[in-house]
Amino acid sequence: MRFSPIREFILNNLTEHQKDIVKTVIRKFGLSRQAVLRHMYVLIQGGRVTAHGKTKDRYYELNPIVNRTVTITITPKLEEDKIGRKYLFPHLSDFSSNLREICEYGFMEIVNNVISHSEGDQCTLKLNITAKNVHMYVHDNGVGIFRKIKEHFDLENQHHAILELSKGRLTTNPKTHIGDGIFSIIHLFDKVQINSGGLCWKYDISKGHQVVESGSDQGGTSVSINIATSSKNRLQNVFNKYSTEIKTSLFDRTEVPVILGKFDSENFMSRSQARRLSRNLEKFHEVCIDFKGIKLIGDSFADEIFRVFQNQHPDLKIDCINTNVQIENLVSCVKNNGDSYIS
């Protein structure tokens, strides 16, 4: 949907400036207060904005364009594209093509996971669209995604299940799924929260990292995804970023957030921790180990990944990012010493 640059600015910045949006617009465009208030009046009359209070206490908030909740019975015959056409896709018709493709893809991946893997019988869908954001929420009453991954792959706990999911190419049914749905969603949307079994896996693009926190234990799995209507991201950009030039398959490149393997205040010192981090990475052609939020690792941990595991898989390219001086020097030492390195 198209607005004048001034009204577009108001809609994009209103949430952060509910009480001073008029002054913010004046500073940005050099308009008079009366001129800005005329733009506000048009948005209010058009149902995009609501004004609360009077004079000094006045503040504004965005009105949802769409705010809908629906509950669906899960059956094997349920088809995610039909659900999307009925409840979501028509509401996206006025937005940019890149936003539509991301929302359609993300919605269908989540709903397909519910149908194929949740083992539940009921699913709740919530859609909230404002001029600034598209927010989708899906909750099922099934077994829980982290618990299912933990049990299927015989992992120690649900934290390890999240770590495995973050790598991509993970599915409990490889005959019918390639296991990249959750991985792609994490990298497509501005904010993602997956809540299951008392844990909440969060990604916020503005903070640039993933975290695991305590979550509610309401049963099943809830997935919340949010994207700004002004997003310039494209589905193909994510496909390109995580696919190498070898082109044997999509998503043959991955990033592994080391922070997801961290419990409480423990540091990464052991070979067993390193083996857990490198589990299943041989599926990829390129791997990037992301040390964001990690201040210290041990020599055994570094040696296990960057010498032992690397020697076992010589065709696998392993890089790392967000390293501090200590980590960078240790990794460099391990790589340079090669087979002669002893820990």
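The values are calculated or read from the model by the stated rules, or taken from the named source; none is laboratory data. It should be emphasised that the depicted structure is a prediction, and the values quoted were computed from it without experimental measurement. FYI the Cβ positions are ideal-geometry reconstructions off the backbone, even for glycines, and counts take in every protein chain you see.
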Taking residue 315, is it more than 22 Å from residue 210 (Cβ to Cβ) and part of a loop (DSSP other than H, G, I, E, B)? yes
Given the structure, is residue 84 small (Gly, Ala, Ser) and assigned by TED's automatic domain parsing to the domain that holds residue 184? yes
If you take the residues in segment 151-169 that are within 22 Å of residue 242 (Cβ to Cβ) and charged (D, E, K, R), which one is surrounded by the most Cβ atoms within 10 Å (Cβ to Cβ)? 167
Could you count how many residues in segment 175-197 are farther than 19 Å from residue 227 by Cα and at pLDDT below 95? 7
What pairs come out if I take residues in segment 156-184 that are more than 17 Å from residue 109 (Cα to Cα) and pair them with residues that are aromatic (Phe, Trp, Tyr) and not in a loop (DSSP other than H, G, I, E, B) whose C-beta lies under 8 Å away, six or more apart or interchain? 158/146; 161/146; 162/146; 162/201
Just give me the residues in segment 65-87 being in contact with a strand residue (DSSP E or B) (Cβ under 6 Å, 6 or more places away or on another chain) and among the aliphatic types (A, V, I, L, M), in sequence order. 65, 66, 70, 72, 74
Only residues that are outside any helix (DSSP H, G or I) and either within 24 Å of residue 239 (Cα to Cα) or outside the structural domain of residue 73 (by TED's automatic domain parsing) (or both): list them for segment 104-137, please. 133, 134, 135, 136, 137
With 61, 101 as the choices, which residue is touching a residue at least 60 places away in the same chain (Cβ under 8 Å) and either in a helix (DSSP H, G or I) or out of contact with any Lys or Arg (no Cβ under 8 Å at 6 or more places or on another chain) (or both)? 101
Screening 208, 179 for residues that are over 30 Å from residue 11 (Cβ atoms), among the small types (Gly, Ala, Ser) and not assigned by TED's automatic domain parsing to the domain that holds residue 305 leaves only 179
Being surrounded by 18 or more Cβ atoms within 10 Å (Cβ to Cβ), farther than 23 Å from residue 95 by Cα and in contact (Cβ under 8 Å) with a residue 24 or more places away in the chain narrows 221, 229 down to just 221
Within segment 279-302, work out how many residues are in contact with a strand residue (DSSP E or B) (Cβ under 8 Å, 6 or more places away or on another chain), outside any strand (DSSP E or B) and either crowded, with 20+ Cβ neighbours inside 10 Å or among the aliphatic types (A, V, I, L, M) (or both). 6
Subset tally (residues that are touching a Leu at 6+ places or on another chain (Cβ under 9 Å) and polar (S, T, N, Q)) for segment 154-212: 4
Using beta carbons and a limit of 6 Å, which pairs, at least six apart or on different chains, have the first residue in segment 66-79 and closer than 17 Å to residue 142 by Cβ and the second one at pLDDT 95 or above and among the charged types (D, E, K, R)? 74/121
Considering (1) within 27 Å of residue 155 (Cα to Cα); (2) surrounded by 13 or more Cβ atoms within 10 Å (Cβ to Cβ); (3) at pLDDT below 95, say which one residue 305 fails and leave the rest. (3)
In segment 239-265, residue modelled with the lowest pLDDT [restricted to those that are under 23 Å from residue 189 (Cβ atoms) and assigned to a loop (DSSP other than H, G, I, E, B)]: 249
Reported set for segment 23-54 where residues are part of a helix (DSSP H, G or I) and among the basic types (Lys, Arg) is 23, 27, 28, 33, 38
Please determine, by comparing only the residues of segment 201-236 that are of a type outside the set (Asp, Glu), outside any loop (DSSP other than H, G, I, E, B) and within 26 Å of residue 294 (Cβ to Cβ), which one is farthest from the chain's Cα centre (by Cα). 214
